Amino acid sequence: MLNIFTLANGRLFQEEIESLEELAKFQPVWVDLESPTPEEKAWIKQHYGLSIPDDAMDEDIEESARFYEADNGDLHIRSDFLIDDEESRTERVAFILNLNNSDLKSKGVLFSIHEQDIPIFRLLRLRARRMPGLIEDAREVLLKLYDADAEYCADALEGIHDELEKASGQVLKGDVTDDLAADVLANIAKQEDLNGRIRRNMMDTRRALSFMMRSKMLSAEQFNEARQILRDIDSLDSHTAFLFDKINFLMDAVVGFININQNKIIKIFSVASVALLPPTLIASIYGMNMQIPEVQALGASAYPFVVALMLASAIVPMWYFRRRGWLKG
């Protein structure tokens, strides 16, 4: 899908392009390629003279391969953006921006290439249509995307905190069954994964902003805006650290309750084995194949006597354990 965005009256307007002729009609500030087809890449190359590299969205973590300036003056930035839906993940986006070469039609146009629709992109498009003057040029588009990324991550962190508060209410009430503990642990693990993705995403955004500031591509006002976004990211990093501590505490608490439940079961077996030890001893003694005086003396009453003795030897320890409170959960 090929979408272009033009500026008119301080607002950002979107057009979906379906042919090379349509592309030539507009002077966009932003060209967004979502899962671009070979034909759409050919249109970009023919009209703008820009070749979309095949490895634009490769998972290369080396900074030299993710943030660099090409020989023709194009700035290449590859950033990860968070997608927080049923299954949290990050989507790699390749940005290409030409600010120096006036011979190309691509000068002053931001190109973005990605495979999936990204919520942050939708958020920026909505804001730019409703807020006149929000976007002034291609550099502003890139900055606002990173600003929206930080805000989106902040909202995701609030969601994590709400889920952990819910888990705290379930765990700290004290009555934690094994099934509840399993559910809580699964939810905590999901929030821990999302929190880690947010922290990694913020690190990636910080590196991209630092590259933009070092490349001297920003105006003084945009430079200050980038510094403000970096300060917001620093505050988010502190919050992710707090959430990691809370996650660890809740995990330890849940594991502790699981151990307590297991100890209760082990205690029952221990008490039962101790209580059944005297009857077993009695049965072993009177079951020996030898002449026992009291058995001979009791005659026919020997059997009920032994059974009663076995019952008494089991009841007395249980009564003692109960009196000492050892049978309580």
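Any idea what angle helix 302-324 forms with the longest principal axis of the chain, computed on alpha-carbon atoms, 0 to 90 degrees, nearest 10? Rounded to the nearest ten degrees, it is 40.
Tell me what the chain gives for mean residue ellipticity at 222 nm when only DSSP H runs of n ≥ 4 count, each as -39,500 (n - 2.57), the sum divided by the residue total, rounded to 500 deg cm²/dmol.
Working: 9 runs with 199 residues, N = 329.
Value at 222 nm, helices only: -21000 deg cm²/dmol.
Between 0 and 90 degrees, the angle of helix 138-171 with respect to the longest Cα principal axis of the chain falls at about 10 degrees. For region 184-244 versus region 150-178, the spacing of their alpha-carbon centroids is 21 Å. The residue list Gln14, Gly159, Met213 was ranked by how far each Cα lies along the charge dipole of region 2-259 toward its positive end, using unit charges on Cβ atoms, and Met213 comes out on top.
Under a model in which nothing but the beta-carbon of Lys, Arg (+1) and Asp, Glu (-1) is charged, region 81-227 shows a dipole of about 1120 debye around its Cα centre. If the cut-off is a Cα-Cα distance under 14 Å, which aspartates and glutamates reach Lys166, setting aside same-chain residues fewer than 8 apart in sequence? Within reach: Glu158, Asp183. Each Lys and Arg contributes +1 and each Asp and Glu -1, all at the Cβ; summed about the Cα centre of the chain, the dipole is approximately 1940 debye. If you take all other residues with their beta carbon under 15 Å from the beta carbon of Ser235, and give Lys and Arg +1 and Asp and Glu -1, the sum is -4. When peptides 107-119, 40-52 are ranked by their average number of other Cβ atoms within 10 Å per residue, the highest-first order is 107-119, 40-52. Specify whether the C-alpha gyration tensor of the chain places it in the rounded, prolate or oblate class, a ≥ b ≥ c being the square roots of the eigenvalues: rounded for a/c under 1.5, otherwise prolate if a/b is larger than b/c and oblate if not. Cα axes put the chain in the prolate bin. Bridging of Lys25 to lysines at a Cα separation below 20 Å is possible for Lys41, Lys45, Lys105, Lys107, once same-chain residues fewer than 8 apart are set aside.
For Ile266 and Asp183, what is the calculated FRET efficiency with R₀ set at 25 Å and r taken between the beta-carbons, to the nearest 0.05? Please list the in-between numbers first.
Numbers: r = 24 Å, r/R0 = 0.94.
E between Ile266 and Asp183, to the nearest 0.05, is 0.60.
Report, in degrees rounded to the nearest 10, the 0 to 90 angle that the Cα long axis of helix 119-130 makes with the longest principal axis of the chain. So the inclination is approximately 50 degrees.
Read-outs: derived from the displayed coordinates by stated rules, not from any lab. Here the structure is a predicted model, which means the values were calculated and not measured. Ideal geometry is used to build each Cβ from the backbone, glycine not excepted, and the neighbour counts take in all protein chains shown.
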